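Below you'll find the structure, written out as structure tokens, and then a few comments.
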């Protein structure tokens, strides 16, 4: 039974939060990132899911006498002893005989390096997560199921620091969200199609009556002043986090006070 696309996104989010992941070596389901101002996806050794030189162990989780989990073990030499380590795991989530999830492990079999999920069970991946030394560093989503990445999430020390979006599906990032301390701080927009930020919005200060993460308090047009980390994907430098609105911003002057009648 096929899920609705909204349901699929919920499933993908839940699976990624739970640390599960999958893909298939029998189908070309890897998403393509064609965004001209977005960095290429990290390289991963997909031969880890190749049966060649692997010991494959299967499991039947729904007791229908058909395997729905495949684990690939590779034999390595550890201190002069032959040891089998897990290199890849594939899972058939909806028990239709097709691989929907894959997890790739590092050479020691102890840490995940890549997770992929086909959330709508159409034979094509909708979600990919990349890891470095066991920590998640990047997520890629195909939100409209056209086999092109249109949303990227970046993490540092396990914390979300930036989200990039292709909101008009033209193959280029046109919106950049920056997070400070786990909260949305500012958003940059490419309104001209140049592939670079030409407008900034700032999240309001957290205080009395302010709602953390609410978008947004002010807009800044043009190139912001130097300062802060340079965003990826060709975006211009964002305004400093937590600072005052730059002088170049278009801030309306308050109306003069009315004179009191005598």
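The values are calculated or read from the model by the stated rules, or taken from the named source; none is laboratory data. All of these numbers come straight from a predicted model, not from anything done at the bench. Please note: Cβ atoms are built from the backbone with ideal geometry, for glycine as well, and neighbour counts cover all protein chains shown.
Key figures for this structure:
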quantity	calculated
For residue 189: the one exception among (1) surrounded by fewer than 19 Cβ atoms within 10 Å (Cβ to Cβ); (2) at pLDDT below 95; (3) touching a strand residue (DSSP E or B) at 6+ places or on another chain (Cβ under 6 Å); (4) farther than 23 Å from residue 129 by Cα	(2)
Unique residue being part of a loop (DSSP other than H, G, I, E, B) and more than 30 Å from residue 167 (Cα to Cα) when the list is 75, 58, 108, 83	108
In the stretch 79-103, the residues that are out of contact with any strand residue (DSSP E or B) (no Cβ under 7 Å at 6 or more places or on another chain) and closer than 26 Å to residue 60 by Cβ	92, 94, 95, 96, 97, 98
Tabulated pairs, the stretch 41-60, first under 14 Å from residue 128 (Cα atoms), second part of a loop (DSSP other than H, G, I, E, B), C-beta under 9 angstrom, 6+ apart or interchain	41/30; 41/31; 41/33; 41/149; 46/23; 46/25; 46/30
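So that you can scan it fast, the table gives a plain yes or no per residue for (1) surrounded by fewer than 18 Cβ atoms within 10 Å (Cβ to Cβ); (2) in contact with a strand residue (DSSP E or B) (Cβ under 7 Å, 6 or more places away or on another chain); (3) at pLDDT 95 or above:
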site: 77; (1), (2), (3): yes, no, no
site: 105; (1), (2), (3): no, yes, yes
site: 110; (1), (2), (3): yes, no, no
site: 115; (1), (2), (3): no, yes, yes
site: 120; (1), (2), (3): no, no, no
site: 129; (1), (2), (3): no, yes, yes
site: 155; (1), (2), (3): no, yes, yes
site: 158; (1), (2), (3): yes, yes, no
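Okay, residues lined up against (1) under 22 Å from residue 131 (Cα atoms); (2) at pLDDT below 95:
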site: 6; (1), (2): no, yes
site: 11; (1), (2): yes, yes
site: 23; (1), (2): yes, yes
site: 26; (1), (2): no, yes
site: 34; (1), (2): yes, yes
site: 70; (1), (2): yes, no
site: 80; (1), (2): no, yes
